[in-house]
Amino acid sequence: MTLKNLKSLSAGMVVLISTLVMGQIPPGYYDDAAGLSGEPLQLALHNIIDDHNSISYSNVWTAFQSTDANGSGEVWDMYTACNFTFISDQCGTYSGECDCYNREHSFPSSWFDDAAPMYTDLFQLVPTDGYVNGVRGSFPYGETNAPSYTSSNDSKLGPCNFPGYTGTVFEPADEYKGDFARNYFYMATRYADIIAGWENNDANGDVVLDGSSYPAFESWFLNLIMSWHAGDPVSQKEIDRNNAVYAIQNNRNPFIDHPEYVGLIWGTGFAPEPEQHVTQFSAHTITLNWTDATGPVVPNGYLIRMSDTGFENIVTPTDGNPVSDDFWNRNVVYGEGTCTFSGLTDGTLYYFKIFGYTGAGTAIDYKTDGTIQQISIQAN
């Protein structure tokens, strides 16, 4: 609990002590999620955080004073570098950036038909510059390298260049991408019982939501927010905000308390196989070299298999059955581009095939269709 969380409280010692206690994860809060993964973990977390205390939309203004105050006691706006004072700078009208702040549904309300209790859920409602909020509209989050608008903290609007989608997106500043990603993992979990029905409420929502309760998101968007979650880890700001929202709503964002839950839920099962095989597969004596595969989904690594009798005797690996390194097999991580087989017999012709894969262990997924790169070379 930081000073910014205490500014809206009275100075009494009893209040201070009770607030500090409320700032902790309650003992046993996540016990029912222990040992689970995948959809069962998501459903267990849903049951833990369901039925929160819902506040009125007018009370959101007041809630922001404890959930979103920066170190100077001003509004913590994640869309701009503007300085806003609570209450006096609330929107009204605006004509440009830094005029006022309002209540931004980071998960646009039109996507869930403006319904309760989502409409006032503080885990996805944040104070932002009114003008930039309007620029964002209900466009999905994404990444753009050709923005038509850039705010004072480098938030952007423009065509998406993240693999899988090319429509208009809003890209938050890098320092807040993980915050917004965890907002979305929260929404998919808190509303796992109803989110499957939101897909067709809004055209922009349709490109993000897949019409299911699990995984809930289209693959391009899930890849996006997974990368944001990994690239921008949980900050003290989020921890403080999680505690402050808990004091109001009596539920928590599990993905702030336990960031590992994201991978346990959405990272299980077979990963999508690589899009392409390697190119320029060549050998120098007993050293093999290649150019890494490309595409929206790149391999985690490669399995190189060798035979001294012919290509037809190289067994194709199967998903879920990882092959260990031995005389005939080598696993090489993505990016190395080279592998050496040793102890070969001079004058013997050796045959090699290379298979890209994603995942690991029982979740390994080999690319075995298409043209598998192969080469033969005589040891010397």
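Every read-out reported here was derived from the displayed coordinates using simple, explicitly stated rules and does not represent laboratory data. What you see is a predicted model, and the numbers here were worked out from it, not measured in a lab. Reconstructed Cβ throughout: ideal geometry from the backbone, glycine too, with neighbour counts over all protein chains shown.
Where does each of Phe341, Phe255 land when they are ranked from fewest to most other beta-carbon atoms within 10 angstrom?
So the ranking, lowest neighbour count to highest, is Phe341, Phe255.
At a 4.7 angstrom Cβ threshold, list every cysteine in the chain that has nobody to pair with, or say none.
Result for the chain is Cys160, Cys339, no neighbouring Cys Cβ within the cutoff.
Using 7 Å Cα-to-Cβ label points, what is the Asn329/Asp99 separation (nm, one decimal)?
Modelled inter-label distance: 6.5 nm.
In angstroms, what radius of gyration and Dmax does the stretch 279-378 have, counting Cα atoms only?
13.0, 41
Roughly how large, in nm² to one decimal, is the mean projection of the convex hull of the alpha-carbon atoms in the stretch 116-263?
Hull-based average projected area comes out at 8.6 nm².
Could you tell me the number of lysine pairs in the chain with C-alpha atoms less than 27 Å from each other, where the two lysines are 8 or more residues apart or belong to different chains?
Close lysine pairs found across the chain: 8.
So for the stretch 279-378, averaging the separation of alpha carbon pairs under 8 Å that are six or more residues apart and normalising by length, what relative contact order in percent results?
Answer for the stretch 279-378 is 36 percent.
What 222 nm value per residue comes from the helices of the chain, counting each DSSP H run with n ≥ 4 as -39,500 (n - 2.57) and dividing by all residues, nearest 500 deg cm²/dmol?
It lands at -7000 deg cm²/dmol.
For Glu104, list long-range residues whose amide hydrogen, built 1.01 Å from N in the peptide plane, is under 5 Å from its own amide hydrogen.
Those qualifying (amide H under 5 Å, at least 5 residues apart or on another chain) are Val126, Thr128.
Please identify which residues in the stretch 34-54 have an amide N closer than 13 Å to a label point set 7 Å out from the Cα of Asp193, following the Cα→Cβ vector.
Answer for this model: 43-52.
Grab the beta carbon distance between Thr316 and Trp61, set R0 = 56 Å, and tell me the FRET efficiency rounded to 0.05.
Efficiency, from the Cβ-Cβ distance: 0.35.
Can you sort Phe123, Phe217 from fewest to most other Cβ atoms within 10 Å of each residue's own Cβ? Walk me through the intermediate numbers first.
Values: Phe123 26, Phe217 22.
In order of increasing Cβ crowding within 10 Å: Phe217, Phe123.
Tell me, what are the semi-axes, in whole angstrom and largest first, of the equivalent ellipsoid of the chain as set by the roots of 5 times the Cα gyration tensor eigenvalues?
49, 23, 19
Report, in debye and to the nearest 20, how large the dipole of the stretch 114-265 comes out about its Cα centre when Lys and Arg carry +1 and Asp and Glu carry -1 on their Cβ.
Numbers: 8 positive and 20 negative charges, 33 e Å.
Charge dipole of the stretch 114-265: 160 debye, to the nearest 20.
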